[in-house]
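Here, each number is a calculation from the coordinates, and none is a lab measurement. All of these numbers come straight from a predicted model, not from anything done at the bench. Don't worry about glycine lacking a Cβ; one is built from the backbone with ideal geometry, like all the others, and counts go over all protein chains shown.
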Amino acid sequence: MGFLNFEGAMWANDVDVERSYLADLCARSERFIGTQGGGMDQAIELLASEGAAKLIEFDPLRAQDVRLPGGVAFVVANSLAECNKAEGADYNARVAECRMATKVTRTICFLFCFVMLLLHLLLLLL
């Protein structure tokens, strides 16, 4: 809802802002109410294009269309479950858990690649 108010104010004042900049600004503004979201919702709301999937990356925000095979369809559903992200710590805890899982996965992948490189070098020496 805050985004709609912001977009309406921009339209009323004839202000033109690049959509990727606005998506980034909206994502960062959520942090002022204490949530640590990543900005995926804001990015797709502002950068979506009809008939295409979107690959979205951050730091800095980048988005590109992704061509899908014919016959592919997206199903968008609403669970009707309400969640006030600013009310408790559950949402931020989940964000922290995902960030930690990413770091652990990256470390495991690095170690695996390092071991494979060492084995390759060992085989070359034999």
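Among A81, A52, A101, determine the one that fluctuates most according to a GNM of the chain built with springs between C-alpha atoms less than 10 Å apart. Result for the chain, Cα springs under 10 Å: A81 fluctuates most.
Highest GNM mean-square fluctuation among N78, N13, N92, for the chain modelled with Cα contacts below 10 Å: N78.
The fewest-to-most ranking of I33, I44 by surrounding Cβ atoms within 10 Å reads I33, I44. Here the chain is assigned +1 on the Cβ of each Lys and Arg and -1 on the Cβ of each Asp and Glu. Its dipole about the Cα centre then comes out at about 680 debye. Since only L126, L61, T105 are under comparison, the one whose Cα sits farthest along the positive direction of the charge dipole of the chain, derived from C-beta charges on Lys, Arg, Asp and Glu, is L126. What the Kirkwood sum gives for the chain is a hydrodynamic radius of 18.5 Å, with every pair of different alpha carbons counted. For I33 and R99, a Förster radius of 22 Å and the Cβ-Cβ distance give a FRET efficiency of 0.70, rounded to the nearest 0.05. Counting charges near A43 (Lys, Arg +1; Asp, Glu -1) among other residues having Cβ under 14 Å from its Cβ returns a value of -4. Taking every C-alpha pair closer than 8 Å and separated by at least 6 residues, the mean separation divided by the residue count of the chain gives a relative contact order of 17 percent.
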